[in-house]
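The values are calculated or read from the model by the stated rules, or taken from the named source; none is laboratory data. Computed from a predicted model, the values in this text were never measured in an experiment. Counting neighbours? That spans all protein chains shown, and the Cβs are built from the backbone with ideal geometry, glycine included. Heavy atoms of the whole protein, side chains included, go into the accessibility calculation; ligands, DNA and RNA do not. Shrake-Rupley method; radii C 1.70, N 1.55, O 1.52, S 1.80 Å.
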Amino acid sequence: MSETVWRLSIFLGVLLIMVLWEFASPKRKPRYSRKQRWPANLAIVAVDTVLLRIIAPVGLTGAALIASENGWGLFYYLSKAGTEIPFWLVMVVSIVVLDIVIYWQHRLFHRIPLLWRMHRVHHADPDFDVTTGLRFHPAEIVLSFFIKAAAILALGAPALAVIVFEIILNACSLFNHGNVVLPKPVEKLVRKVLITQELHRIHHSTEKEETNSNYGFSVSWWDHLFSSFTAKPKAGSDNVDIGLHEYRDAKLTTKLWGLLKIPFTRN
């Protein structure tokens, strides 16, 4: 089975599980119906995918193969210097380092005004559900690709590690954006390792200090390590105000053309 089939199968499987979970047991009543929001959130994924295929047809796995063929990256230099690293350790280190890179990328997209203009498309979603985890402006997706590709080339990360990392990243994004909630005892344990829906919902709060916290997409460790962890929202779990105060116009926040325009508005 090819990489594309594996990745697409897992992505669609997790998406289906989360959609069914949201239908069966939603955490919060949404402002807008799925019919109003989902077409734009799903359409922007199609735009992102097509654009990446045009700009970078080899993908991130291709970047890893290029590094391998040319002997680029930290792992190859260490190998040449006589330091033999077990493949399993190369895999683990590659995945962990790429996850830290994504954490800091996310944090910079909040802190640098030009990058925030792109990223606010994600935060301007007036509701919080699994499709929010797919909603990113094409400019952010392209820039994120090149950031990850640079990290892969610098490390000399193996193609398998890149595939595993991308699968984990996409699955976690779908999981932690779900309009669902784990049972309290389970959530209390899971959040020690993973970013749960309860933690990531805080990140989508209209409160700036809450938005600028809980940046992790997969594990919660980096937020603890780099002092950006918020355990509970001020308003309580059921009353977090989702979205951005400056973006309340449904023509911008729930329509594809509106999402594409958000980085170029003055708000």
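Of the residues Leu8, Asn176, Ile85, the one whose Cα sits farthest towards the positive end of the charge dipole of the chain is Asn176 (charges of +1 on Lys and Arg Cβ, -1 on Asp and Glu Cβ, taken about the Cα centre). Here the range 96-232 is assigned +1 on the Cβ of each Lys and Arg and -1 on the Cβ of each Asp and Glu. Its dipole about the Cα centre then comes out at about 200 debye.
Only Lys, Arg, Asp and Glu carry charge here, each on its Cβ (+1 for the first two, -1 for the last two); on that basis the range 1-62 has a dipole of about 500 debye about its Cα centre. The alpha-carbon atoms of the chain, seen along their principal axes, cover 58, 42, 38 angstrom, with the largest extent given first. In the chain, taking the dipole from charged Cβ atoms about the Cα centre, the farthest positive-side position among Ser144, Val240, Val121 is held by Val240.
A simple rule links phi to the HN-Hα coupling: the Karplus curve 6.51 cos²θ - 1.76 cosθ + 1.60 with θ = phi - 60°, which for the range 184-196 gives 3, x, 5, 4, 4, 7, 4, 5, 5, 10, 9, 6, 8 Hz, with x for Gly and Pro. Using all pairs of distinct alpha-carbon atoms, the Kirkwood hydrodynamic radius of the range 165-267 works out to 14.8 angstrom.
Heavy-atom accessible surface of Leu182, to the nearest 10 Å², is about 30 Å², with a 1.4 Å probe and all protein chains retained.
Of all the options Leu78, Leu155, Leu134, the one that moves most in a Gaussian network model of the chain with Cα springs shorter than 10 angstrom is Leu78.
Counting helices only, and only those DSSP H runs with n ≥ 4, report the 222 nm mean residue ellipticity of the chain as the sum of -39,500 (n - 2.57) divided by its residues, in deg cm²/dmol to the nearest 500. Theoretical 222 nm ellipticity from helices: -19500 deg cm²/dmol. Taking 16 Å as the cut-off, the amide N atoms of the range 123-158 that come nearer than this to a point 7 Å along the Cα-to-beta-carbon line of Tyr76 belong to 149-158. Only the Cβ atoms of Lys and Arg (+1) and of Asp and Glu (-1) were treated as charged; on that basis the dipole of the chain about its Cα centre amounts to roughly 780 debye.
Ranked from largest to smallest solvent-accessible area, with a 1.4 Å probe on the protein heavy atoms, Leu194, Leu12, Leu174 come out as Leu12, Leu194, Leu174.
By accessible area of protein heavy atoms, probe 1.4 Å, what ranking do Glu246, Glu198, Glu84 get, highest first?
Working: Glu246 80, Glu198 35, Glu84 145 Å².
So the residues, ranked largest to smallest area, are Glu84, Glu246, Glu198.
Scanning residues 5 or more positions from Leu194 or on other chains, those with amide H under 5 Å from its amide H are Ser220, with H placed 1.01 Å from N in the peptide plane. Springs between Cα atoms under 10 Å define the GNM used for the chain, and in it the highest mean-square fluctuation of Arg117, Arg135, Arg201 occurs at Arg117.
For the range 75-194, what does the alpha-carbon gyration tensor say about shape, rounded, prolate or oblate, given a ≥ b ≥ c as the root eigenvalues, a/c under 1.5 as rounded, and a/b over b/c as prolate? Kindly include the intermediate steps, with their values, before the conclusion.
On the way: a/c = 2.68, a/b = 1.44, b/c = 1.86.
Oblate is the answer for the range 75-194, as a/c is 1.5 or above yet b/c matches or exceeds a/b.
Considering only His245, His123, His177, the mean-square fluctuation computed in a Gaussian network model of the chain, springs between alpha carbons under 10 angstrom, is largest for His245.
Scalar couplings 3J(HN,Hα) for the range 126-138, obtained by applying the Karplus form with A = 6.51, B = -1.76, C = 1.60 to θ = phi - 60°, are x, 10, 10, 8, 4, 6, 4, x, 10, 8, 9, 5, x Hz; x denotes Gly and Pro.
Heavy-atom accessible area, probed at 1.4 angstrom with all protein chains present, ranks Ser94, Ser237, Ser68 as Ser68, Ser237, Ser94, highest first.
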